[in-house]
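Read through the structure below, which is laid out as structure tokens, and then see the notes.
The values are calculated or read from the model by the stated rules, or taken from the named source; none is laboratory data. Computed from a predicted model, the values in this text were never measured in an experiment. Methodologically, a virtual Cβ is constructed for each residue, glycine included, from the backbone with ideal geometry; neighbour enumeration extends over all protein chains shown. What goes into the accessible areas is simple: the full protein's heavy atoms, side chains included, and nothing from ligands, DNA or RNA. Shrake-Rupley method; radii C 1.70, N 1.55, O 1.52, S 1.80 Å.
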Amino acid sequence: NGTAMSNPNYFWVVPNSADTNVSEHSECAYDRIILTQYFSSLYTGQWGIDHRTGKSVSDHWAVWFELDF
């Protein structure tokens, strides 16, 4: 987590252990979803990595999350 964003005002949805890079030689969370306190109260706890995207689209997997309005 970045120093500027690692405080109680922000909630990190994608954990450090998530592998969001398409590369077979890398296992790292390059992509993040960071929520403010307001949006973290709407967060359902559901998130994921869409492995249907491939190298022809990006070198990163798409990450998603759900909010309940």
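Looking at region 59-69 only, could you name the residues that are acidic (Asp, Glu) and modelled with pLDDT of 95 or more? Scanning region 59-69 gives Glu66, Asp68. When we screen Phe69, Phe39, Phe65, Phe11 for residues that are of a type in the set (A, V, I, L, M, F, W, C) and in a loop (DSSP other than H, G, I, E, B), the only hit is Phe69. Applying the criterion of being loosely packed, with under 11 Cβ neighbours inside 10 Å and under 19 Å from Ala18 (Cα atoms) to the residues of region 36-58, the residue that is modelled with the lowest pLDDT is Gly54.
Within region 16-35, the set of residues being within 13 Å of Phe65 (Cα to Cα), in a loop (DSSP other than H, G, I, E, B) and open to solvent by 50 Å² or more (accessible area, probe 1.4 Å) comprises just one member, Arg32.
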